[in-house]
Amino acid sequence: MESAAASILKRAVEMDKNEQYTMALVLYQEGVQILLDTMKETKDPASKKHFGARASEYLDRAEKLKNLIDKKKAAGTYRELTRIENGSTGHGYGSVFGRFLDATVTHIYIEDPYIRAFHQCQNLVRFCELAVRKCHALSKICLVTSPDAEDKINQIARLEELKTSLSTYLIVFEIKFSDTLHDRHILLSNGWVIKIGRGLDYFRKPEGKFVLGFSDLELRPCLETTVDIFHRSQLNNAVT
């Protein structure tokens, strides 16, 4: 457990230095919890004191980071820019932006012109699954995408099936089509804006149906893209 905490906290410090503050905060909190659990299990007084001191040190940094994030959010200056390298793994939706999906999110607005093909609609389902698990107050998702000129009937059928499924969770799913849509972004009612260069479709095609990464996107190799995440305090009204 001590080794696991050290690994997580080392990554937290790296994210902190790279100004990936929201990710650093999550890692600090996770690492501190492991240290506290380790402290409870050890019987050696010196070890207890050591783990307690380390936990207090990182907890203090986490609190300062939280205050810094809140300050930058209020000023409208918070921003995280990340490049996903071609062929890299560990960039599933949960890792990339799952930390911004929480109980404060009531509405989600998605603009992505490429929710057309079967696998692209599957990506949208995966995103919705993540949102339903994490956003306990979620009541509405709005998708704006472009129509599939070659197979619009199946495109609509897939999205309507998703709409029916979301309704069982009391979530309204609105579907709108635009022939001129180009930008790709996700707006959350808590103010966070997530812009991914390739939209939700930034994963390589799996090499088979029985390979690692076919189901778990954290293990799926990615295409090169950039992720720009920032906060707008005035966004809530625009999304709702």
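The values are calculated or read from the model by the stated rules, or taken from the named source; none is laboratory data. In this text, all values refer to a predicted model and were calculated from it rather than measured experimentally. For neighbour counting, all protein chains shown are included, and Cβ atoms are generated from backbone atoms with ideal geometry for every residue, glycine included. The protein model used for the area step is the full one, side chains on, heavy atoms only, and it has no ligands, DNA or RNA in it. Shrake-Rupley method; radii C 1.70, N 1.55, O 1.52, S 1.80 Å.
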Express in whole angstrom the spacing between the alpha-carbon centres of segment 79-136 and segment 1-28.
22
Accessible area (Å², 1.4 Å probe, nearest 10) - T226:
50
Heavy-atom surface of segment 101-240, accessible at 1.4 Å and reported per residue (Å²):
53
Calculated diffusion of the chain, Stokes-Einstein form, Kirkwood radius summed over Cα pairs, 10 °C and 1.306 mPa s, µm²/s
81
So for H185, H50, what's the accessible-area order with a 1.4 Å probe, most first?
H50, H185
With only helices counted (DSSP H, runs n ≥ 4, each -39500 (n - 2.57)), the per-residue ellipticity at 222 nm for the chain, to the nearest 500, works out to -15500 deg cm²/dmol
Give me the Kirkwood hydrodynamic radius of segment 114-177 in Å, from all C-alpha pairs, to one decimal place?
12.0
Got a sec to turn the phi values of segment 23-34 into Karplus ³J(HN,Hα) couplings, 6.51 cos²θ - 1.76 cosθ + 1.60 with θ = phi - 60°, whole Hz, x for Gly and Pro?
5, 4, 4, 4, 5, 4, 5, 5, x, 4, 4, 5
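What does the charge add up to near Q155, with Lys and Arg as +1, Asp and Glu as -1, over the other residues with Cβ less than 15 Å from its Cβ?
Details: positive: R116, K152, R158, K163, K176; negative: D112, D148, E150, D151, E160, E161, D179, D201.
So the surrounding residues net to -3.
Starting from the Kirkwood Rh over alpha-carbon pairs, what translational D in µm² s⁻¹ does segment 11-54 have by Stokes-Einstein at 25 °C and 0.890 mPa s?
Diffusion coefficient, whole number: 220 µm²/s.
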Carbon and sulfur: what percent of the chain's accessible surface (1.4 Å probe)?
51
If DNA, RNA and ligands are ignored and the probe is 1.4 Å, what is the ranking of S167, S88, S146 by accessible area, most exposed first?
S167, S88, S146
Evaluated at 10 °C and 1.306 mPa s, the Stokes-Einstein D of segment 76-202 based on the Kirkwood radius over Cα pairs, in µm²/s, stands at 105
